[in-house]
1. Of everything in region 51-71, what is closer than 18 Å to N21 by Cα and modelled with pLDDT under 90? Give them in sequence order.
2. Pick out the one residue from L23, L16 that is outside any helix (DSSP H, G or I) and at pLDDT 95 or above.
3. Would you check if there is a residue in region 23-42 being touching a Phe, Trp or Tyr at 6+ places or on another chain (Cβ under 9 Å), touching a residue at least 40 places away in the same chain (Cβ under 8 Å) and within 20 Å of S8 (Cβ to Cβ)?
4. Of everything in region 35-50, what is open to solvent by 40 Å² or more (accessible area, probe 1.4 Å), closer than 15 Å to E63 by Cα and either modelled with pLDDT of 95 or more or in contact with a helix residue (DSSP H, G or I) (Cβ under 6 Å, 6 or more places away or on another chain) (or both)? Give them in sequence order.
Amino acid sequence: MITYINISLISMVVSLIAERNRLDEQQAINIFYKTKLADKLLDKNTSLYLLSPYLIYELWNAEYQTGDFSNTDYYECLV
């Protein structure tokens, strides 16, 4: 379910991805939406939309680097 909160949050996360990885916005969008984290973020049952964009970026970066966003210290806070 996409809401204003999701759109705004995703926009902030994509901006962080672009900035910190020296990508243009379109590349960052494409990379973000290919992750499992993006699916989880859009699922209202996970409550990931309540997290800060910086924390979501860290989870995204862990998945981007290792293939699994649970491979970060921040994940421990979520379970």
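The values are calculated or read from the model by the stated rules, or taken from the named source; none is laboratory data. Keep in mind the model is a prediction, meaning the values are calculated, not measured. A quick note on method: Cβ atoms are made from the backbone with ideal geometry, for glycine too, and the neighbour counts reach across all protein chains shown. These area figures cover heavy atoms from the full protein model, side chains too; ligands, DNA and RNA do not enter into them. Shrake-Rupley method; radii C 1.70, N 1.55, O 1.52, S 1.80 Å.
1. F69
2. On the way: L16 fails: outside any helix (DSSP H, G or I).
Selected residue: L23, the only one of L23, L16 that is outside any helix (DSSP H, G or I) and at pLDDT 95 or above.
3. Yes, the conditions are met somewhere in region 23-42.
4. K40
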